[in-house]
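Reviewing the structure listed below.
Each reported figure results from applying straightforward, stated rules to the coordinates on display, with no laboratory input. What you see is a predicted model; the values in this text were computed from it and never measured. A quick note on method: Cβ atoms are made from the backbone with ideal geometry, for glycine too, and the neighbour counts reach across all protein chains shown.
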Amino acid sequence: MNSSSMPTPDALRPRDDERLVFDAPASQADRPTHYCPGCHHGIAHRLVAEVLDELNVADRTILVASVGCSAFSYDYFTVDALEAQHGRACAVATGVRRANPGSVVFTYQGDGDMAAIGLAESVHAANRGELITAIFINNTVYGMTGGQMAPTTLIGQKTTTTPEGRHLLGEGGPLRMTELMAGLDGVAYAERCALDSVKHVRAAKKALRNAFEVQLRGLGFGFVELLSGCPTNWHMTPQAANRRISEEMIPVFPLGVTKNLLDK
Amino acid sequence: MSDTVARTLIKGNEAVAFGAVDAGCRCYFGYPITPQNEIPETMSRLLPAVSGHYVQAESEVAAASMLLGACAAGVPSMTSSSGCGISLMQEALSYMNGSMLPAVLVNMARGGPGLGDIGPSQGDYFQAVKGGGHGDHRNIVLAPATAQECYDFMFRAFALAFTYANPVMVLGDAIVGQIKEPVRRTPPADALSPAQLEALAAPWRVEGRGKRGPGAAPRLIKSVYLAEGALAARNRLLQDKYEAMRAEARSLSYNVDDADLVVVAYGSIARAVRSTLRALREQGVAVGLFRPVTLYPFPDEALRALAAARPGRRFLVIEQNLGQMVEDVRLALFGAAGCGAEVLWHGLMPGLLANAQMLEEPVRMALAGKEIRS
């Protein structure tokens, strides 16, 4: 049923005279991805896999995939996984986690999936304090379908369905999911990070670890938003996409922890 | 017949909940809607006592999605709703068919279309037996007529769902759900134990790969098949399964041997028809009842056997809608295999309460070959 390969073939293992200084996480499948050049899903996947390894939970982890570019995220992790309908990942994750209380469950969703069609399912799962971790990729467009307006699209941003740029009145403003989630009593951890620089990537890994930690400690819903680049649908080079994150997105989507019950 | 087993006086909806929990159901996800509220209310009481989970979802969309997740974990789980709520569940229902998951859904149908009313109706027949959602999918559909059957059919629903890894819908209506009758809380003879259900799910459920020992390959449950030919292969697999499910067709017949007219009716309407026919029998009128118990697979072979046993006898479909099951009856009896039997139809409008007296005239007229449509 599953074609995910196990990581690090023997051919790549160090010989006797070599010392291993860098390796792929065991939770990450060793195979090429379908993502575009410069896409940040690859970084996000790797960070999640590293966290699953470090927490030593991969053998009891279940991934609930979404619909969009990350629909096939299950191909890149060596954990049990299932598909959810568009937007319903947090509801599906609720069902899996309730039915299997010893498992570690996470969703991996884009902005269209989580903040548009699945807003109700996401907010209510968070509000119930479901013991799941939701990873939210915000790249301000619908990627898989070709760059249409997302709920997170910036004011003035041109997309295939906002040819004149997004207008606040009539098309709405960029939804700030982390702030929305942090306002819910059931949320134990909420942080917005970005994947545009080494410093931000390191912070993102720490945030992901915390968002799993609250699940493992039974504190409530864990949420991490990752500001990510989509060079293809932004019609930019990967370098320009990184600059856009720091110059245009972060001012609208401020980084940082907005809720953390770990230290309480 | 002596009956020493204690019986409890409960509503059909409560019988559904007791039946489900006794059959091994451990997760319930739902959203309030009349006329089925006793199901979630009873579940919210019963499930915590057996270390199960009751979740009141934010919508029927979410409830059915939670059901998908719990079914993927291989745990006997269910939802229930009515009318517009069942419409909202069709998305997940299609995915659960495509992903081959053993979901159990109860529809205590109300009058439609739209918001309709909260009275009884059989207007959801097409939605239940023809799929309802997108793509080629089939739900096994069981149609209880009594509170006892509400209890018993939940065991059957879970057994069928896990045997075929396919959604099963229990289709009642406001009457079936609200009627209060004595119910024996003993598992039917053909029930599968919770351990048997678990064994059926063990080969495919997602559970965390560590449960299968070190080095176990990860599992994936999905309905998407993009590679060329992959979806065709998946649909062929589903087609073979749907074909195998045909062996589960069930029906009941009453006084059909010498009947010149066989009335075809299911659920609460079959009960009203039975009273009508009993009164007519006492007057010497040769009428019988054929009651489909599974609406999908439709018991067409049993129906054809009835036609062949007494060529020339007529069939009258009585249902509480604008004409839905009559299409399956006509398909079953069409052509030489169906002996060219004449099929008449009488419809009751959704929302009305049927009684034995109001059905006497349409039955008498049908004996003479005349159809009173509604």
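Apply 1/(1 + (r/R0)^6) to the Cβ-Cβ distance of B:LYS180 and B:VAL224, taking R0 = 60 Å, and write down the FRET efficiency to the nearest 0.05. Intermediate values should be presented prior to the final figure.
Working: r = 46 Å, r/R0 = 0.76.
Using R0 = 60 Å, I get an efficiency of 0.85.
Roughly what % of DSSP beta bridges within the stretch A:33-260 run antiparallel, to the nearest 5?
20 percent
With Rg and the Kirkwood Rh both taken from Cα atoms, where does Rg over Rh land for the stretch B:1-139?
The Rg/Rh ratio comes out at 0.99.
For the stretch B:45-50, what does the Karplus curve 6.51 cos²θ - 1.76 cosθ + 1.60, with θ = phi - 60°, yield as ³J(HN,Hα) per residue in whole Hz, taken in order and with x for Gly and Pro?
My calculation for the stretch B:45-50 gives 8, 6, 5, x, 5, 10 Hz in order.
Between B:LYS130 and A:GLU18, with labels modelled 7 Å along Cα→Cβ, what's the label distance in nm to one decimal, could you check?
6.3 nm
Under the rule of at least 5 residues apart or a separate chain, name every residue whose amide H is placed under 5 Å from the amide H of B:LEU142.
It is B:MET169, B:VAL170, B:LEU171, B:LEU295, by chain and number.
I want the antiparallel fraction of DSSP beta bridges within the protein assembly as shown, as a percent rounded to 5.
Taking every DSSP beta bridge within the protein assembly as shown, about 25 percent pair in antiparallel fashion.
Work out the mean other chain Cβ neighbour count within 10 Å for the residues of B:188-197 and drop it here as an integer.
Working: counts 0, 0, 0, 0, 0, 0, 0, 0, 0, 0.
Per-residue shielding by partner chains comes out at 0.
Given contacts defined as C-alpha pairs under 8 Å and at least six residues apart, what's the relative contact order of chain B, whole-number percent? Walk me through the numbers on the way to the answer.
Details: 813 pairs, mean separation 62.2, N = 374.
Computed value for chain B: 17 percent relative contact order.
Enumerate the aspartates and glutamates that B:LYS211 could reach by cross-link, defined here as Cα to Cα under 19 Å, with residues fewer than 8 away along the same chain left out.
A:ASP53, A:ASP59, A:ASP80, B:GLU198
Taking the Cβ of each residue in B:SER94, A:SER228, B:SER87 as the centre, tally the other Cβ atoms inside 10 Å and list the residues starting with the fewest.
Sorted ascending by nearby Cβ count, the order is B:SER87, B:SER94, A:SER228.
Given a Förster distance of 35 Å, report the FRET efficiency between B:GLU301 and A:MET144 from their Cβ-Cβ distance, rounded to the nearest 0.05.
Computed FRET efficiency for B:GLU301 and A:MET144 comes out at 0.15.
Sort the following peptides by mean Cβ neighbour count (other Cβ atoms within 10 Å, averaged over residues), highest first: B:233-246, A:131-144.
Per-residue Cβ counts within 10 Å, averaged per peptide and sorted highest first, yield A:131-144, B:233-246.
Just need the relative contact order of chain A here, percent rounded to a whole number, with Cα pairs under 8 Å and 6+ apart.
17 percent
Between B:ARG246 and A:ASP30, what's the calculated FRET efficiency when r is the beta-carbon distance and R0 is 51 Å? Round to 0.05.
E(calc), rounded to 0.05, equals 0.70.
Just order B:272-280, A:11-19, B:198-206 by mean Cβ neighbour count inside 10 Å, highest at the front, would you?
B:272-280, B:198-206, A:11-19
A:PRO101: net charge of surrounding residues, Cβ under 12 Å, Lys/Arg +1, Asp/Glu -1, itself excluded?
Every neighbour counted, the sum reads +2.
I'd like the mean, over residues of A:123-133, of how many other protein chain beta carbons sit within 10 Å of each residue's own Cβ.
The shielding value for this peptide is 2.
Can you put B:TYR95, B:TYR254 in order of Cβ neighbours within 10 angstrom, beginning with the fewest?
Ranked by crowding around the Cβ, least crowded first: B:TYR254, B:TYR95.
Using the Karplus equation 6.51 cos²θ - 1.76 cosθ + 1.60 (θ = phi - 60°), what ³J(HN,Hα) coupling, rounded to whole Hz, does each residue of the stretch B:325-338 give in order, writing x for Gly and Pro?
The phi angles translate into 4, 3, 5, 5, 5, 5, 4, 5, 9, 5, x, 4, 4, x Hz.
Under a plain spin-label model, where a point goes 7 Å from the Cα along Cα-to-Cβ, how far apart in nm are B:LEU9 and B:LYS211?
With each label point 7 Å from Cα toward Cβ, the separation is 4.3 nm.
List, largest first, the extents of the alpha carbons of chain B along their principal axes, each in whole Å.
Answer, in whole Å and largest first: 72, 50, 43 Å.
Under a cut-off of 24 Å between alpha-carbon atoms, report the lysines in cross-link reach of B:LYS130, not counting same-chain residues fewer than 8 places apart.
Answer for B:LYS130, where 24 Å is the Cα cut-off: B:LYS222, B:LYS241, listed by chain and number.
Which order results if B:GLU360, A:GLU191 are arranged by neighbouring Cβ count within 10 Å, fewest first? Show your work: numbers first, answer last.
Values: B:GLU360 17, A:GLU191 25.
Starting with the residue having the fewest Cβ neighbours, the order is B:GLU360, A:GLU191.
Could you compute the net charge surrounding A:LEU154? Neighbours are other residues with a C-beta less than 13 Å from the C-beta of A:LEU154; K and R count +1, D and E count -1.
Details: positive: A:LYS158, A:ARG166, A:ARG176, A:ARG244; negative: A:ASP111, A:GLU171, A:GLU247, A:GLU248.
Local charge sum for A:LEU154: 0.
What is the mean projected area of the alpha carbon convex hull for the protein assembly as shown, to one decimal in square nanometres?
Working: hull surface 132.4 nm².
Answer in nm², one decimal: 33.1.
Given chain B, what percent of its DSSP beta bridges are antiparallel, to the nearest 5?
Here the antiparallel bridges make up roughly 25 percent for chain B.
Which angle between 0 and 90 degrees, to the nearest 10, do you get for helix B:60-72 versus the longest principal axis of chain B when only C-alpha atoms count?
60 degrees
Using a 10 Å cut-off on Cβ to Cβ distances, tally the other chain neighbours for every residue of A:51-58 and report the average as a whole number.
1
Hey, what does the equivalent ellipsoid look like for the stretch B:249-367, semi-axes from the Cα gyration tensor as sqrt of 5 times each eigenvalue, largest first, whole Å?
20, 17, 12
Which whole-Hz couplings ³J(HN,Hα) result when phi for each residue of the stretch B:188-194 is put into the Karplus expression 6.51 cos²θ - 1.76 cosθ + 1.60, θ = phi - 60°, listed in order with x for Gly and Pro?
Each residue of the stretch B:188-194 in turn: x, 4, 8, 5, 9, 6, x Hz.
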